[in-house]
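Q: The structure's right below; bear with me while I get my questions together.
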Amino acid sequence: MATPQSIVSAGDDKKDTNPITAGQLEKALPATRLLEKRRMVSQVQQALDEQKLEFAQKEEILKKREETLRTKDLQLQDSLIGFSKFLQENGVKKKRAEKKTADEIRLRLEKEAEIAELEAQLIRLKHEKNSTHADLERMMFYHKYLETVIETSEGFNEINDLLMRLLQACNTRGD
């Protein structure tokens, strides 16, 4: 703890007074001692008031710093909340994009399978067409023959009449 003399000497940088030493104070009159004590008390009080003012100023500065830090902390929290929302929105967008990509891949694979199936069907139909065309070429010989028979025969006007007559003959023969 600080002694009154150290407080006076610490806070009394401005005044250049010669304080009375302890030996002189004992030899002085009681009124002089009282005045000296009052002067010392006044100096101590003045030093305390100056320290009080200095502490109040420091406290005000610290309060301003604290308020600044509190404001910055709130801004940081708001920024953090905004960033968190941004990350959540990006997460949702990412999931949506991944789902869309997966759907597109699935749809592409389905379409590729459908294309492969249709290509196989096309090849099969081409073979069937070629086979049918070959059968038609083979049967055209008989068609031309039947037309020649109808032209030369007098009893038949159409190929169907001739075929019906053949069918009746086969049925009669089979009975």
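Q: For log10 I(q)/I(0) by the Debye sum over Cα atoms at q = 0.14, 0.15, 0.19 Å⁻¹, which listed value, (i) -0.88, -0.96, -1.22; (ii) -1.01, -1.06, -1.22; (iii) -0.86, -1.00, -1.65, comes from the coordinates shown?
A: (ii)
Q: For the range 101-149, what percent of Cα pairs sit more than 18 Å apart?
A: Values: 689 of 1176 pairs.
That tail contains 59 percent of the Cα-Cα pairs.
Q: So for the chain, averaging the separation of alpha carbon pairs under 8 Å that are six or more residues apart and normalising by length, what relative contact order in percent results?
A: Details: 32 pairs, mean separation 27.1, N = 175.
Across the chain, relative contact order equals 15 percent.
Q: Only Lys, Arg, Asp and Glu count, each charged at its Cβ (+1, +1, -1, -1), so figure out the dipole size of the chain about its Cα centre, rounded to 20 debye. Working shown, then result.
A: Numbers: 31 positive and 32 negative charges, 383 e Å.
That gives the chain a dipole magnitude of about 1840 debye.
Q: All other residues with a Cβ under 12 Å from the Cβ of Lys144 taken together, and with Lys, Arg as +1 and Asp, Glu as -1, what is their net charge? Can you show the working numbers first?
A: Values: positive: Arg138; negative: Glu137, Glu147, Glu151.
Net of charged neighbours comes to -2.
Q: Checking a compactness column here: for the range 89-175, what do you get for Rg(Cα) / (2.2 N^0.38 Å), N being the number of residues?
A: Working: Rg = 29.8 Å, N = 87, 2.2 N^0.38 = 12.0 Å.
My calculation over the Cα atoms of the range 89-175 gives 2.49.
Q: Still on this model: Compute the signed sum of charges (Lys and Arg +1, Asp and Glu -1) over the other residues within less than 15 Å, Cβ to Cβ, of Lys64. Display every interim value, and only then the final one.
A: Numbers: positive: Lys58, Lys63, Arg65, Arg70, Lys72; negative: Glu59, Glu60, Glu66, Glu67, Asp73.
That works out to 0.
Throughout, read-outs are computed from the coordinates displayed, never taken from laboratory work. Worth saying up front: this structure is predicted, and the values here are computed from it rather than measured. Quick reminder, even Gly has a Cβ in these numbers, built from the backbone with ideal geometry, and neighbours come from all protein chains shown.
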